[in-house]
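Comments concern the structure below.
The values are calculated or read from the model by the stated rules, or taken from the named source; none is laboratory data. Values in this document were obtained by computation on a predicted structure and should not be read as measured data. Here the Cβ positions follow ideal geometry from the backbone for every residue, glycine too, while neighbour counts run over all protein chains shown. The area values use the complete protein model at the heavy-atom level, side chains included, leaving out ligands, DNA and RNA. Shrake-Rupley method; radii C 1.70, N 1.55, O 1.52, S 1.80 Å.
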Amino acid sequence: EKIRYVWLYGGSSGSKTFSEVQYCVFNMLQGKDNNVLILRKYAVDIRDSIYSDFKNIINDWGLSDLFTIQQNYILCSTGSYVRFRGLDDSEKIKGISNFKRVILEEISQFDEIDLKQIRKRLRGRAGQQIVGIFNPISEEHWLKNNIFDKEVLTEHQTDISGKWVNATGNTVILKVNYLDNKYIVGPN
């Protein structure tokens, strides 16, 4: 409940997005208030990426009877839902207070002002989270300079490539690579 920010990064095939989608589907099944907003910088990128992952996981888990899948919207029988949007203009981000999680897929494509608008507008409910998923970025990127470099982080032991938590406990950074993806390398 006290974690506000989750930064999930690493190389391709690390299962960043896939694992996050699994987590969301599981939580949607738990109750009606687990609504998720998925943002990509450009809406055209949604259908063949994270939206496809949601559909595949729901089908692979045999849950098709519990979900209604529409274009850019998936509704669970519990009442929880996930909505998919492009964010070409951060001023368009309004009315997001009833979401439990906002996921910024490929957050490195977003501008810093986009994150500032989301932070400002995601409010009103305990436990709301912002999740940023991305591949490694330039040393000059705003994420590194204005997020990662400004946090005082403590490393935690884990079975993935890395996990850090800030001093207040409201930010978690998870780093993965293909070796953390058990579907590629198999169980230990």
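Just so you know, in segment 119-142 the residues that are in contact (Cβ under 8 Å) with a residue 40 or more places away in the chain and open to solvent by less than 20 Å² (accessible area, probe 1.4 Å) include one that is farthest from the chain's Cα centre (by Cα), and it is Gly127. Restricting Ser13, Ser52 to residues that are in contact with a helix residue (DSSP H, G or I) (Cβ under 7 Å, 6 or more places away or on another chain) and surrounded by fewer than 18 Cβ atoms within 10 Å (Cβ to Cβ) narrows the list to Ser13.
Number of residues in segment 157-175 that are of a type in the set (D, E, K, R) and more than 17 Å from the chain's Cα centre (by Cα) equals 1. Of all residues being surrounded by fewer than 14 Cβ atoms within 10 Å (Cβ to Cβ) and touching a residue at least 12 places away in the same chain (Cβ under 8 Å) in segment 35-49, which is farthest from Gly95 (Cα to Cα)? Just the residue, please. Of everything passing the filter in segment 35-49, Val44 is farthest from Gly95 (Cα to Cα).
Looking across segment 56-95, the residues that are of a type in the set (Val, Ile, Thr) and surrounded by 20 or more Cβ atoms within 10 Å (Cβ to Cβ) come down to Ile58, Ile74, Val82. Restricting Tyr51, Tyr23, Tyr5, Tyr42 to those that are in contact with a Gly (Cβ under 9 Å, 6 or more places away or on another chain), modelled with pLDDT of 90 or more and closer than 24 Å to Ser97 by Cα reduces the list to Tyr5. Among the residues of segment 96-118, write down those that are open to solvent by 60 Å² or more (accessible area, probe 1.4 Å) and either farther than 25 Å from Lys16 by Cβ or in contact with a Pro (Cβ under 8 Å, 6 or more places away or on another chain) (or both). Matches in segment 96-118: Asn98 only.
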